[in-house]
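Colleague: There's a structure below that I have some questions on.
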Amino acid sequence: MLFRLEAMGINTIGDLAESSDFSMKKEFGVNGIIFRKLARGEDTSEITLKTKPEKSLTHHHTMSKPIYKSCDIKKELRRIVEYICRKLRSKNLLTGHIHLSLRFENLRYDSGDLKLTGYTNADREIFNSALLVFEKLHNPSVKLRARQLGLGVSDLHTDDKSINLNLFRNEHSLPYYALDKIKSKYEEKIFRVGLDS
């Protein structure tokens, strides 16, 4: 298709937007008119509301500079966990399963997963669980640095906002939903919740 567009003198989106309906229809049929309209920002497709429930959420981040130090890995993992947990809470969901992936500079890949003991969307619980998974993976080193970290959550359920604390553990329930509202109103880094306890 690219060669056919170049043969018509169309090399950029602007060229496509300025092309004629007739020539595009002649060369590509109805699709040619659709391509031209999309290049002009004319999309007549309907906006539909997603009705199927989420089955999983994932977030991967490729670092601009590869990392290997434990403190840098934890900092990156923390950012990913905070993002995923905010996404879970924005969709009113809890997760019961996490999957952590690690890609190295040489494109080697390692991953692991963990079924959680309960359903949660709490940053601290998911971060600590992700650390448990990370400890079982091949650790980055000076010779083999990490290039990408990814976290996926599955086994999702609706959050009914009830709290069932374990009587035998020293647990503190943090107001994550309220904290999310403050962060979205002001800015992401207005405060951070300590995750290392």
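Nothing in this text is a laboratory measurement; each read-out follows from the coordinates by a stated rule. Every value quoted in this text rests on a predicted model; they were computed, and no experiment measured them. Neighbour counts are summed over all protein chains in view; Cβ atoms, including those assigned to glycine, are modelled from backbone coordinates with ideal geometry.
Colleague: Please tell me the relative contact order of segment 1-117 in percent, rounded to the nearest whole number, where contacts are Cα pairs under 8 Å and at least six residues apart.
Modeller: Working: 64 pairs, mean separation 14.9, N = 117.
Relative contact order for segment 1-117 comes out at 13 percent.
Colleague: First measure r as the distance between the Cβ atoms of Asp72 and Asp160, then evaluate 1/(1 + (r/R0)^6) with R0 = 30 Å and state the FRET efficiency to the nearest 0.05.
Modeller: Working: r = 37 Å, r/R0 = 1.24.
Result of the calculation: an efficiency of 0.20.
Colleague: Using +1 at the Cβ of each Lys and Arg and -1 at the Cβ of each Asp and Glu in segment 24-154, identify which of Leu114, Leu131, Gly29 lies farthest towards the dipole's positive end.
Modeller: Going by the Cα projections, it comes out as Gly29.
Colleague: So, one more: Convert each backbone phi in segment 99-104 into a coupling constant with the Karplus relation 6.51 cos²θ - 1.76 cosθ + 1.60 (shift: θ = phi - 60°), then list the ³J(HN,Hα) values in order as whole Hz, x for Gly and Pro.
Modeller: Values, residue by residue: 9, 10, 10, 9, 10, 9 Hz.
Colleague: Please report how far the C-alpha centroid of segment 66-139 lies from that of segment 4-45, rounded to the nearest whole angstrom.
Modeller: Here the answer is 44 Å between Cα centres.
Colleague: Provide the gained length on full extension for the span Met1 to Thr117, in nm with one decimal, where the gain is 0.36 nm per separating residue minus the Cα-Cα distance.
Modeller: Numbers: separation 116, 0.36 × 116 = 41.76 nm, distance 5.22 nm.
Contour length minus Cα-Cα distance gives 36.5 nm.
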